[in-house]
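Undergrad: I'd like to ask you about the structure that follows.
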There are 4 protein chains.
Amino acid sequence: MRYFKSDNTAAVSTEILAAIAEVNHGAALAYGADQWSERLDAVFGQFFETRVRVFAVSSGTAANSLSIATFCPPWGTVLTHAEAHIERDECGAPEFFTGGAKLSLVTGAGAKIAAADLKARLAWFEPHVHGVQPRMLSITQATERGAVYSPAEIRALADIAHASQMAVHMDGARFANAVIAQKVSPAELTWRAGVDVLSFGVIKNGGMNAEAVVFFDPDRVADFEFRRKRAGQLACKGRYASVQLTSYIETGLWRRNAERANRLAAKIAAAAPQLLSEPFATNQVFMKLGDERIAQLSREFGFYPWGPTGSGEARFVCSWDTPDEDVEALCAALRAMA
Amino acid sequence: MRYFKSDNTAAVSTEILAAIAEVNHGAALAYGADQWSERLDAVFGQFFETRVRVFAVSSGTAANSLSIATFCPPWGTVLTHAEAHIERDECGAPEFFTGGAKLSLVTGAGAKIAAADLKARLAWFEPHVHGVQPRMLSITQATERGAVYSPAEIRALADIAHASQMAVHMDGARFANAVIAQKVSPAELTWRAGVDVLSFGVIKNGGMNAEAVVFFDPDRVADFEFRRKRAGQLACKGRYASVQLTSYIETGLWRRNAERANRLAAKIAAAAPQLLSEPFATNQVFMKLGDERIAQLSREFGFYPWGPTGSGEARFVCSWDTPDEDVEALCAALRAMA
Amino acid sequence: MRYFKSDNTAAVSTEILAAIAEVNHGAALAYGADQWSERLDAVFGQFFETRVRVFAVSSGTAANSLSIATFCPPWGTVLTHAEAHIERDECGAPEFFTGGAKLSLVTGAGAKIAAADLKARLAWFEPHVHGVQPRMLSITQATERGAVYSPAEIRALADIAHASQMAVHMDGARFANAVIAQKVSPAELTWRAGVDVLSFGVIKNGGMNAEAVVFFDPDRVADFEFRRKRAGQLACKGRYASVQLTSYIETGLWRRNAERANRLAAKIAAAAPQLLSEPFATNQVFMKLGDERIAQLSREFGFYPWGPTGSGEARFVCSWDTPDEDVEALCAALRAMA
Amino acid sequence: MRYFKSDNTAAVSTEILAAIAEVNHGAALAYGADQWSERLDAVFGQFFETRVRVFAVSSGTAANSLSIATFCPPWGTVLTHAEAHIERDECGAPEFFTGGAKLSLVTGAGAKIAAADLKARLAWFEPHVHGVQPRMLSITQATERGAVYSPAEIRALADIAHASQMAVHMDGARFANAVIAQKVSPAELTWRAGVDVLSFGVIKNGGMNAEAVVFFDPDRVADFEFRRKRAGQLACKGRYASVQLTSYIETGLWRRNAERANRLAAKIAAAAPQLLSEPFATNQVFMKLGDERIAQLSREFGFYPWGPTGSGEARFVCSWDTPDEDVEALCAALRAMA
């Protein structure tokens, strides 16, 4: 079976395993007091061209939820897209970590939130005790439908959010893919555009089991560290998480892996452009195939039908280590169908 | 100022105050072990023509949230209408009481959920750990737009819910108004149609500060009583809450008050039927007046503009003690406008 | 049966019912926007001789828990006595309202916390993420064993608490009894001694179903009002709660009722002083009777054995409306036993 | 600096890294649907000689808290030792994961709970809604003071617990050390003695970042999997966690590493037996040194003073890779002091 289900089926990059092996000698202080963990802020600070505070956690769900809980009180609400991972794929983790805050949903093509729709949704809230109060905006970069937000789009959303006392969270499970796709700097896609906290994804793009939470204002980390510990997300042997993050940046792995994943996906999109159901941008390809062709392809390829039952849509995702021959085979099959 | 803002601006019915005065002598065991509290199950059992368990709480928000928390686990979700009180007017109380369960929204005219829309929304959920699991349906009777669910409509929704492991909650803040409007029995509108737990509203219809939570299956009360205590909702001097509930039923107050409120509202609806923006059914009247007429009416009448800013819609609510002359004045003003 | 189980078995004072009847006419804005609720701050401000913010809730458990949740984060801990009501009698309400904060216990005679013991307990905590952080001290006035804290004792505890970033909460379910017992002013027993927030009990001393939460620094109310709404503790028809609180103060009811309760209890204590197991101070009397005498008394009197099984201790509580003849009968029985 | 601070400062065993490298090829289904994760139940079932359900999580805190949340409702309480890790070192994680359950503390020498003390503590609880209800007993094996529970001791505690509707949790962060110390089988120390769920520690004894939660009754897993996902503890690339657990068992690493750690610690204990403040049993050594000797040793050795400030006690922990020469140096220093 050739897998295009998700970039999370991929193996771990050699660079990551090498970094782990390299630190695996002798004793090191636990819980992040080791010399490698102490480099996190500096390494990511250089990457983002500003002072940051960076914390490792074990999953994207934890990264998102802890980011949100730091800014959104229990009586607050997070505005996010109806197809966002935090809404659809985390089993209510943001609600758990915040102590019962609400997600308030916005719809929009490409799983993107448009500024006008954000404004319209905000108009429903009133500053009284009867309703939850908007305190956070969470956007996904790249989105759950493979689209990206440009720096200008982020800025427009962030300005609206900040004017309403909302902090801006970016779920960057595929942040590297979005950076590569847009040929902009990590800084331009985050703090320069108004992002306050980023879930910086590493696992889907070559990592093993560490993601980074990046705060762009070191003074607003608030009680994040207590919440992380309390959630069982403070790694005992911190070095093994931290070097996944630092080597991801310092070896350029983030760029190489995302470039390859995006490039392979581009081939798939180009194989049957008339079938595309979403404009192609990153490492995800969405196609309207119809149920019959989906069934046919499923004999040889592993992938997810997308959307509600009967939509006839399918999603193909390439990762850093999707085999070239699997991509060729899929392209050939799609060309034959188109 | 003549008030049509809500039925919660009304005073308390004489019958309720008399019942309170009547039990106000001597010592009585606290926390519901008094003789009056012990009558709750029997009185409501007769009213609903079945065995029930009944618990007093201090507010509708508490009644709804505790009902929901009894059936819906933290990783569950409550399907409800986007305009439901539990979604829009309780500051996230269901999320708080459940430990972070989610509300999943369905839209529909009249703030009602249609069976087909419930099915369509359910189709989005999958029985895996990545998403929250539907465990409860909550409908409002009468709805936030004054509509009612018929026994057949409730049955259709309940059958869908029960087939998906969901319990059925009815927010009956205006339950008496819905019963009167439909000329059906309380039993027909609840357990006979598949309702598992009812927030039985008393306060808006003549009560002071007690609502009833009614479980129609005494074996499914689960840990409700622990949750009620833990939420500060177990009244110390229980008799004063319990007699509000029993006298509401036994004196026929529920019927008299709802009949009057509905009758007054009917007059308003009849004064300018061409302005109605919702079909009239209970004690709420919705009209499309336009911002100018809203501003004009607001000089003499207290009422709420409804819906998003600029919708030009207004809501008028009658209570059991809305003065006849206030209704006449409003009718005259509306007739003059129409 | 003559009841000495608790002051919460008492009826409601005439003054309270009269105040409720007096406001029971016509419409009033809901949720605390009525003219009577708007007097709360002023009435209690005068009583405490300082600017305060006052909020009504429906129970002592709610008052305590909402007070605590306002100051103590989920990763914080509340230092309190092992016999405190918040630890032993509220089914984990503080843990629920705070989102999982911890209570850390201190022992001490009379259910009182001594300054030295507070310091010793604090020494166990370290300012790192591995342990919860002390953020609140909660003391009970009068205590669960009938003792009182003097202004000097409170000041000593508050100084320690404030030096450790802890706010000071007083559970004043029997605050009036403590004021009367000590012949000091309400101000001296609270903010002048360092109390930040008070659960001001009304129910046990003549009220029906309203308690007051009093913040002594109006700038530190924080998100209390959101939390109250979200907990179902914001009364819809606010006037009926608010006038219980204001009439309790303005008619002098707090004083008259507490004086009588304390006076009756004093008679019981004087009837068999050699049996007292706690020094007598307020309206609670603790005696070491032995299981046999407890069984004998239980035939005529309703009261609670106290402490762990087999301790042979009993508690007798007088309320504002305990009948004189019941007290006489108990005194006679005790004298016969002693 | 020679480190005896904790076994969590150790590196990762070669066997673990090799197992990770071995599975690092090609695509594998995410979230535990891979072939290696699917072996967990079988491998641990053989180890424990019974049918089990096993789940990987990223930390001991997560293992403990998720175990507890599966059995203990929000209105429940966990009886545990006052020095337990879940009470003192997890920043309130059990309270967070349970939605606000309480820990109720028992004291006892060696950080062990004696059956009589458990019974005495249980006597304080009553089966009514006013107090939290005991629903779980959590014991640590080996304890935070290096002691072990024998099978008979566990059985005695478990019988008491089960008779009171409490499930039995074992925090086995150092489970392997306890097995080795007692020369009994893993089965004898767990389910045969009444343990319902085990936090099986791997990290401190050679692992990287995976611990196992072991349910001994496959029918009582309840909603554990939803809670794990919701807590961000379901690893995306599951194989890298699962093979840490299976290789730990299958290569005999658990035994070799624990044997070495215990043996090294025994040397330290033997170097100055007269200074021991706790009987020696596993890989932790507690000594009463006095503040002066602690200061002196601290120049060359990294270790923790233990207990409250001024106690003069110190803890030395050996891990699987503590250098022999570090142990020799410490022994020499202690001998010189004794």
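Undergrad: Could you tell me what a quarter of the Cα convex hull surface of the stretch A:221-278 works out to, in nm² with one decimal place? Walk me through the intermediate numbers first.
TA: Numbers: hull surface 27.9 nm².
Approximately 7.0 nm², given one-decimal rounding.
Undergrad: For chain C, what class follows from the C-alpha gyration tensor (a ≥ b ≥ c being the square roots of its eigenvalues): rounded when a/c is under 1.5, otherwise prolate if a/b is larger than b/c, else oblate? Walk me through the intermediate numbers first.
TA: Details: a/c = 1.87, a/b = 1.16, b/c = 1.61.
Because a/c hits 1.5 or more and a/b fails to exceed b/c, chain C counts as oblate.
Undergrad: Further, regarding this structure: If each label sits 7 angstrom from Cα along the C-beta direction, how far apart, in nm, is D:Arg335 from its counterparts in the other copies?
TA: Ordered by distance, the counterparts are at 7.9, 8.0, 11.1 nm.
Undergrad: Continuing with the same structure: Given Cβ point charges of +1 (Lys, Arg) and -1 (Asp, Glu) and nothing else, what value in debye, to the nearest 20, does the dipole of chain C about its Cα centre take? Show your work: numbers first, answer last.
TA: On the way: 34 positive and 37 negative charges, 22 e Å.
Dipole of chain C, to the nearest 20 debye: 100 debye.
Undergrad: Along the stretch C:212-218, what does the Karplus equation 6.51 cos²θ - 1.76 cosθ + 1.60 (θ = phi - 60°) give for ³J(HN,Hα), rounded to whole Hz, x for Gly and Pro?
TA: 10, 9, 10, 9, 8, 10, x
Undergrad: Just how large is the dipole of the protein assembly as shown about the Cα centre, in debye to the nearest 20, putting +1 at every Lys and Arg Cβ and -1 at every Asp and Glu Cβ? All intermediate terms of the calculation are to be shown ahead of the outcome.
TA: Details: 136 positive and 148 negative charges, 0 e Å.
Magnitude of the dipole: close to 0 debye.
Undergrad: Moving to a separate point now. Per-residue ellipticity at 222 nm for the protein assembly as shown, helices alone: DSSP H runs ≥ 4 residues times -39500 (n - 2.57), over residue total, nearest 500 deg cm²/dmol? Kindly include the intermediate steps, with their values, before the conclusion.
TA: Working: 52 runs with 518 residues, N = 1352.
Computed ellipticity for the protein assembly as shown at 222 nm equals -11000 deg cm²/dmol.
Undergrad: Let me ask something additional. Other chains near B:235-246: what is the mean number of their Cβ atoms within 10 Å of each residue's Cβ?
TA: Numbers: counts 6, 16, 11, 2, 3, 7, 3, 0, 0, 0, 0, 0.
Across the residues of B:235-246, the mean count of other-chain Cβ atoms within 10 Å is 4.
Undergrad: Could you go through the stretch C:280-297 in sequence order and give the Karplus-derived ³J(HN,Hα) for each residue, using 6.51 cos²θ - 1.76 cosθ + 1.60 with θ = phi - 60°, rounded to whole Hz, and x for Gly and Pro?
TA: Computed from phi, the couplings for the stretch C:280-297 are 7, 9, 10, 10, 10, 10, 10, 9, 8, 9, x, 5, 5, 5, 4, 4, 5, 5 Hz.
Undergrad: Going toward the positive end of the dipole of the stretch A:117-272, with +1 on Lys and Arg Cβ and -1 on Asp and Glu Cβ, which of A:Ile154, A:Ala178, A:Leu264 do you reach last?
TA: Of the options given, the answer is A:Leu264.
Undergrad: Taking amide H positions as placed 1.01 Å from N in the peptide plane, with prolines and chain starts having none, which residues 5 or more places from C:Gly131, or on another chain, fall under 5 Å of its amide H?
TA: Close amide H contacts, sequence-distant or interchain: D:Cys91.
Undergrad: List the pairs from C:Lys119/C:Lys204; B:Lys119/C:Lys229; B:Lys288/C:Lys229; B:Lys229/C:Lys204 whose alpha-carbon separation is above 25 Å, in the order I gave them. Before the final figure, lay out the partial values.
TA: Working: C:Lys119/C:Lys204 32 Å; B:Lys119/C:Lys229 32 Å; B:Lys288/C:Lys229 31 Å; B:Lys229/C:Lys204 17 Å.
Check vs 25 Å cut-off fails for C:Lys119/C:Lys204; B:Lys119/C:Lys229; B:Lys288/C:Lys229.
Undergrad: Residue farthest toward the positive end of the dipole of the stretch D:1-41, with Cβ of Lys/Arg at +1 and Asp/Glu at -1: which of D:Tyr31, D:Ala10, D:Ile20?
TA: Going by the charge dipole, the pick is D:Ala10.
Undergrad: To continue, here is another question. Please list, ordered by chain and number, the residues whose modelled amide H lies under 5 Å from the amide H of C:Gly302; skip anything fewer than 5 residues away on the same chain.
TA: Here the answer is C:Arg2, C:Tyr3, C:Phe4, since their amide H atoms fall under 5 Å of that of C:Gly302.
Undergrad: Below 13 Å, Cα to Cα, which aspartates and glutamates can D:Lys183 reach? Residues fewer than 8 away in the same chain don't count.
TA: Within reach: D:Glu259.
Undergrad: Under a Cβ-only charge scheme (Lys and Arg +1, Asp and Glu -1), can you give me the dipole magnitude of the stretch C:131-258 about the Cα centre, in debye to the nearest 20? Present the calculation step by step, with values, prior to reporting the outcome.
TA: Values: 16 positive and 12 negative charges, 89 e Å.
Dipole of the stretch C:131-258, to the nearest 20 debye: 420 debye.
Undergrad: Which one, D:Thr70, D:Gly92, D:Ala56, is farthest towards the positive end of the dipole of the stretch D:1-115 when Lys and Arg carry +1 and Asp and Glu -1 on their Cβ?
TA: Looking along the dipole axis, the top candidate is D:Gly92.
Undergrad: Also: Quick one: Cα centre-to-centre distance for the stretch D:61-94 and the stretch D:162-201, in angstrom?
TA: Computed from Cα coordinates, the inter-centre distance equals 16 Å.
Undergrad: Which semi-axis lengths, in whole Å and largest first, follow from the square roots of five times the eigenvalues of the Cα gyration tensor of the stretch D:192-248? Let's see the in-between values first.
TA: Values: eigenvalues 80, 58, 16 Å².
Semi-axis lengths for the stretch D:192-248 are 20, 17, 9 Å.
Undergrad: Return the loop-located trypsin sites (Lys or Arg not before Pro) in the stretch C:87-185 (DSSP other than H, G, I, E, B) with at most 13 other Cβ atoms within 10 Å of their own Cβ; answer none if there are none.
TA: C:Lys183
Undergrad: Could you identify the residue of A sitting closest to the A-D rotation axis by Cβ and state that distance rounded to whole angstrom?
TA: So the closest residue, with its distance, comes out as A:Ser58, 2.
Undergrad: With each label point set 7 Å from Cα along the Cα-Cβ vector, what nm distance links B:Glu325 and C:Gln46?
TA: Using points 7 Å along Cα→Cβ, the separation is 3.3 nm.
Undergrad: What does the C-alpha gyration tensor say about the overall shape of the protein assembly as shown? Classify as rounded when a/c is under 1.5, otherwise prolate if a/b is larger than b/c, or oblate.
TA: Working: a/c = 1.96, a/b = 1.15, b/c = 1.70.
Here the protein assembly as shown falls in the oblate category.
Undergrad: By the gyration tensor of its Cα atoms, with a ≥ b ≥ c the square roots of the eigenvalues, what is the shape of the stretch D:183-338: rounded for a/c under 1.5, prolate for a/b over b/c, or oblate?
TA: On the way: a/c = 2.18, a/b = 2.13, b/c = 1.02.
The shape class here is prolate.
Undergrad: State the antiparallel share, in %, of DSSP beta bridges confined to the protein assembly as shown, rounding to the nearest 5. Mind dumping the intermediate values first?
TA: Values: 72 of 156 bridges.
That works out to approximately 45 percent antiparallel.
Read-outs throughout are calculated quantities, based only on the coordinates presented, and are distinct from any laboratory measurement. All values reported here derive from a predicted model rather than from experimental measurement. Reconstructed Cβ throughout: ideal geometry from the backbone, glycine too, with neighbour counts over all protein chains shown.
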